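Notes follow the structure.
The values are calculated or read from the model by the stated rules, or taken from the named source; none is laboratory data. For clarity, every value in this text was computed on a predicted model and none was experimentally measured. Cβ placement follows ideal geometry from the backbone for every residue including glycine, while neighbour counts extend to all protein chains displayed.
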């Protein structure tokens, strides 16, 4: 037996920048229903389980931590250890297997474990609150209200109408009325509040019945008939055990229908499906598509929800009330009661990689999670990442191909337009203007892609050449017209548009280049009788803004869509027959080695919006480099040949996916401090693992945008042929850096498998 003098020590993960756990003594009282940690007597008969949230003293404040493990000894004397203040959960909120994945992710991405575990939970739970109950507000009569005659409030007919409804419900042995009941009477909340103030009615909270999921009536519509390639792909998906698949389907080839029919099989097995999508803007149409097909609850998780809405959806997935879970990047951490299938749609999309704080990749974690939970994984894309294509070559994934569109739909025809020396009209070539005119005359719709929001990227003085730059970033201020302002798209600095040049005081200022606002203005002038619909971050901020645009376009009337990459991701516009790409050259000369891949994916995805219905589509691509090998390959031979060319380049240069990369970034108020820190990092790293043909170091180098938000940014790249070797070295290196005094003078971060080098 263990003496009372050696209490169990709890190791708690606390949200902090330190890569370590903190030891605490047991709380003065333990929840009586807490289960033992193990069957061993050493754990104690009433120990707290890993994954339980606790409130602990941390410095001068109390924070919410998560128990990770227990031990019998601590490196700190018992006299200095503090007890846990209180226990917030009777049992862990997530299954042990998923909790272990959280810990693995923190370790692999070299992020402080307390911060990583905390960010995996919904915001309400991070704050120490309990999982909210899904209560609905109802109203019922008070004793005073029950005794009133039918005409007591005849001078206030709306109030009398509401009172009569409750009295009628009382006779029917239905004591309350819901908000929906009153909506049918067109009764406003203010009317109900007036009745409450008079003491005639009162609010009550009612727990709604959990929805009953009936497998026999699972479908609300019949599945579509699959064409041979779709059927072959579906038949080849083994839904039992860990089986990773890459569903490489051309744009418009029907990948979603394959998802839906695979999900149907999983639901009939009594299991759940988790589907990840890259953008919040895709949520409404994806959710609607699922709701049209299935008679079952669907939990939706993304950052556009309130904290309470998100916690409720998270809990519906955890308890199994929602057989289908749909979410963006962070939904990969959502617990499932009966996991059955994981789907990552548009798996190539860089949105799946968190770019700040806990820099995890939801796509890569989906692979690990599917393996640990022994369930199938489907990665879907028309433009697969080079990493996924490489994994298919290595027989780690099974590749399923959809090479054509169903029905009469065909891939669009490419029409490259060389704009060198061309006489452009506000960025539009004669060929493009004619193509838009013909498209609208035929009663169809056109989509113009320009991945630059605002009116113009540069404001310049015609007299002296002055340019409006951001004083906090190494970037130009973008001109916006609605509202009229100059805005930095990197640090959000904002200032009014000046009336004159700040250098020579000339009033002759000019906007150079064009963004979506200017393009919208140009198109409205060219086609005054046709609606022009702009789609960018500025026009889709509202909760239902994107869905309203989609609904308007899908009415089928001739219109012109103009917008950024928000238009490129997964939208189905059957009446768009022309896609115009105004500037295709952005990724050709970037310092980021991934830029050509992203360029090809974006152009292919945008082009895929054309000709998705029965009408053939055309893609007009304006470029100053139509003869560039990558542009020529993409437009003439397609994405497959394009990706093969890129992957050969990666092999020659020994870049990912052929090698593994870690990127260490530093930023400081002065450039010297950031550089000095990274020089120290490189010295430490080379001491641990000297440069050889298996591991190499590059840097310190300035980031492509050296100054951002008032701080100077530099980076050090480490490339290694063996992932375990890189991980072991990075673990030791990060521990050393935490102890360094130089680390206190800069902000530094580690990015494992970086997707953005800027």
Report summary line: By residue number, the members of segment 295-328 that are touching a helix residue (DSSP H, G or I) at 6+ places or on another chain (Cβ under 9 Å) and surrounded by fewer than 21 Cβ atoms within 10 Å (Cβ to Cβ) are 295, 297, 298, 302, 303, 304, 305, 307, 308, 321
Report summary line: Checked against (1) in contact with a helix residue (DSSP H, G or I) (Cβ under 9 Å, 6 or more places away or on another chain); (2) over 18 Å from residue 255 (Cα atoms), residue 604 satisfies every condition except (2)
Query raised in the report: Among the listed residues 261, 285, which satisfies the condition of being over 26 Å from residue 565 (Cβ atoms), in contact with a helix residue (DSSP H, G or I) (Cβ under 8 Å, 6 or more places away or on another chain) and in the same structural domain as residue 237 (by TED's automatic domain parsing)?
Result: 261
Query - Search result, residues across segment 712-757 that are in a loop (DSSP other than H, G, I, E, B) and either in contact with a helix residue (DSSP H, G or I) (Cβ under 9 Å, 6 or more places away or on another chain) or farther than 25 Å from residue 690 by Cα (or both) - result: 740, 746, 753, 755, 756, 757
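Listed here are the residues, each with its yes/no results for (1) under 26 Å from residue 420 (Cβ atoms); (2) in the same structural domain as residue 281 (by TED's automatic domain parsing); (3) surrounded by 15 or more Cβ atoms within 10 Å (Cβ to Cβ).
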| site | (1), (2), (3) |
| --- | --- |
| 501 | no, no, yes |
| 542 | no, no, no |
| 549 | no, no, yes |
| 553 | no, no, yes |
| 557 | no, no, no |
| 574 | no, no, yes |
| 580 | yes, no, yes |
| 583 | yes, no, yes |
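Which residue, of 174, 146, 127, is surrounded by fewer than 19 Cβ atoms within 10 Å (Cβ to Cβ) and in contact (Cβ under 8 Å) with a residue 60 or more places away in the chain?
Testing whether each residue is surrounded by fewer than 19 Cβ atoms within 10 Å (Cβ to Cβ) and in contact (Cβ under 8 Å) with a residue 60 or more places away in the chain leaves just 127.
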Query raised in the report: Got at least one residue in segment 364-383 being farther than 30 Å from residue 313 by Cα, in a loop (DSSP other than H, G, I, E, B) and under 19 Å from the mean Cα position of the chain (by Cα)?
Result: yes
Query - Condition met for residue 449 (surrounded by 18 or more Cβ atoms within 10 Å (Cβ to Cβ), touching a helix residue (DSSP H, G or I) at 6+ places or on another chain (Cβ under 9 Å) and within 18 Å of residue 251 (Cβ to Cβ)) - result: yes
Requested in this report: Might you check whether a residue that is surrounded by fewer than 22 Cβ atoms within 10 Å (Cβ to Cβ) and over 19 Å from the mean Cα position of the chain (by Cα) occurs anywhere in segment 280-287?
Outcome: no
**Report entry** Residue match in segment 19-33 (condition: surrounded by fewer than 19 Cβ atoms within 10 Å (Cβ to Cβ), in contact with a helix residue (DSSP H, G or I) (Cβ under 8 Å, 6 or more places away or on another chain), more than 24 Å from residue 369 (Cα to Cα) and modelled with pLDDT under 90)
**Finding:** no
Query raised in the report: Quick one: in segment 614-626, which of the residues that are touching a strand residue (DSSP E or B) at 6+ places or on another chain (Cβ under 8 Å) and modelled with pLDDT under 90 is farthest from residue 417 (Cα to Cα)?
Result: 615
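Answer with yes or no whether residue 537 is assigned to a loop (DSSP other than H, G, I, E, B), out of contact with any strand residue (DSSP E or B) (no Cβ under 9 Å at 6 or more places or on another chain) and modelled with pLDDT of 85 or more.
Details: assigned to a loop (DSSP other than H, G, I, E, B): yes; out of contact with any strand residue (DSSP E or B) (no Cβ under 9 Å at 6 or more places or on another chain): yes; modelled with pLDDT of 85 or more: yes.
Yes; evaluated as a whole, the condition is true for this residue.
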Report summary line: In the set 71, 53, 61, the lone residue that is at pLDDT below 95 and within 20 Å of residue 16 (Cα to Cα) is 61
Report task. State whether the residues of segment 647-654 include one that is within 31 Å of the chain's Cα centre (by Cα), touching a residue at least 60 places away in the same chain (Cβ under 8 Å) and loosely packed, with under 13 Cβ neighbours inside 10 Å. Result -> yes
Query raised in the report: Is it fair to say residue 643 is farther than 28 Å from residue 491 by Cα, surrounded by 16 or more Cβ atoms within 10 Å (Cβ to Cβ) and modelled with pLDDT of 95 or more?
Result: yes
Report summary line: Per the filter on segment 343-363, residues under 17 Å from residue 263 (Cβ atoms) and surrounded by fewer than 24 Cβ atoms within 10 Å (Cβ to Cβ) are 345
